[in-house]
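S.K.: If you scroll down you'll find the structure; I have some questions about it.
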Amino acid sequence: MNFHSGLVGEKEAEKIGSLASVVSFDFIVDQETIDNVYGLGVSPQRYISSYRYLKKYVKVVPHLCIGLNKGEIKGEYKALETLKEEGAEALSFIVFRPTKNTDFAKFPPPPLEEVAKLIAKARTMFPTSPIYLGCMRPGGRYRGELDTLALRAGVNKIVHPSPPARKMAEELGLVVRRGEECCSL
């Protein structure tokens with residue numbers, strides 16, 4: 001079972017650890033993003049401590065949403081640096097997508113080149129950790145281009161890969177395995 005737990009204390013982390021196989025944890029260390037997106041009134045340290053508690057009891061796959069703050073990259077590189085210090089068995093990237101009837105509906109997704117650059121940086125920082133491109137990302141042409149750039153940047157798994165990415169994987173001779181589970185499993 002994969003849990004998306006959110007912020008937790010140690011007792012909650014221990015309980016989750018007794019039930020979950022893995023936890024997908026949104027990892028954010030940029031105060032402006034925490035304030036603008038979630039409005040929780042918590043500090044980045046609260047995300048870090050929740051991550052530590054969870055890791056103590058269960059496998060955790062941190063999820064980094066690229067461009068979460070109005071499509072702009074703010075704090076994602078700092079999140080990678082923090083995860084490098086904290087340790088990460090795997091990483092999952094998701095990408096902001098404007099969603100109708102939300103406060104951020106009018107903002108574009110982050111530039112493809114910047115997304116690819118961030119994923120490539122993660123690959124160099126975590127050379128032996130699996131890196132995933134998760135399910136949440138814009139569709140259409142953006143997705144097709146993103147998926148192929150992500151392959152070139154070194155991702156190990158893409159959830160619902162676009163046809164161009166599937167074709168590129170075959171052309172590159174990559175081992176393709178199909179599954180029916182969340183990216184964290």
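S.K.: If you fit an axis through the alpha-carbon atoms of helix 76-86 and take the longest principal axis of the Cα set of the chain, what angle between them do you get, 0 to 90°, nearest 10?
M.R.: Its long axis makes an angle of about 60 degrees.
S.K.: Please give the direction-averaged projected area of the C-alpha convex hull for the range 96-176, in square nanometres with one decimal.
M.R.: For the range 96-176, averaging the hull's shadow over all directions gives 5.7 nm².
S.K.: Would you kindly compute the Cα radius of gyration of the chain and its largest Cα-Cα separation (Dmax), both in Å?
M.R.: 16.1, 48
S.K.: While we're looking at this one, here's another question. Suppose only helical runs count, i.e. DSSP H with n ≥ 4. What mean residue ellipticity at 222 nm does that imply for the chain under -39500 (n - 2.57) per run, divided by all residues and rounded to the nearest 500 deg cm²/dmol?
M.R.: About -12000 deg cm²/dmol.
S.K.: Then there's this: Please list the non-local residues whose amide H lies under 5 Å from the amide H of Cys65, H modeled 1.01 Å from N, same-chain partners needing a gap of 5 or more.
M.R.: Hits under the 5 Å cutoff: Phe27, Ile94.
S.K.: I'm a student and want to see the number: the projected area of the Cα convex hull of the range 81-142, averaged over all directions, in nm².
M.R.: 5.2
S.K.: Sticking with this structure for a sec: Mind listing the phi-derived Karplus ³J(HN,Hα) values for the range 98-105, rounded to whole Hz, using 6.51, -1.76 and 1.60 with θ = phi - 60°, and x for any glycine or proline?
M.R.: Going residue by residue, I get x, 10, 3, 6, 10, 5, 9, 4 Hz, with x marking Gly and Pro.
S.K.: Among 15-28, 63-76, how do they line up from the highest to the lowest mean number of other beta-carbon atoms within 10 Å?
M.R.: Top to bottom by mean Cβ count within 10 Å: 63-76, 15-28.
S.K.: Another question, then. Could you compute the net charge surrounding Leu40? Neighbours are other residues with a C-beta less than 14 Å from the C-beta of Leu40; K and R count +1, D and E count -1.
M.R.: -3
S.K.: Would you mind working out the magnitude of the charge dipole of the range 102-185 relative to its Cα centre, with +1 at each Lys and Arg C-beta and -1 at each Asp and Glu C-beta, to the nearest 20 Debye?
M.R.: The dipole of the range 102-185 has a size of about 80 debye.
S.K.: Looking at the square roots a ≥ b ≥ c of the eigenvalues of the Cα gyration tensor of the range 1-105, which shape do they give, rounded for a/c under 1.5, prolate if a/b is larger than b/c, or oblate?
M.R.: prolate
S.K.: Give me the dipole magnitude in Debye, nearest 20, for the range 1-145 about the Cα centre, with unit charges on the beta carbon: positive for Lys and Arg, negative for Asp and Glu.
M.R.: Using only the charged Cβ atoms, the result is roughly 340 debye.
Laboratory data are not the source of any read-out in this text; all were calculated from the coordinates shown. Remember, it's a predicted structure, so these values are computed and weren't measured experimentally. With ideal geometry, Cβ positions are generated from the backbone for all residues, glycine too; neighbour counts draw on all protein chains shown.
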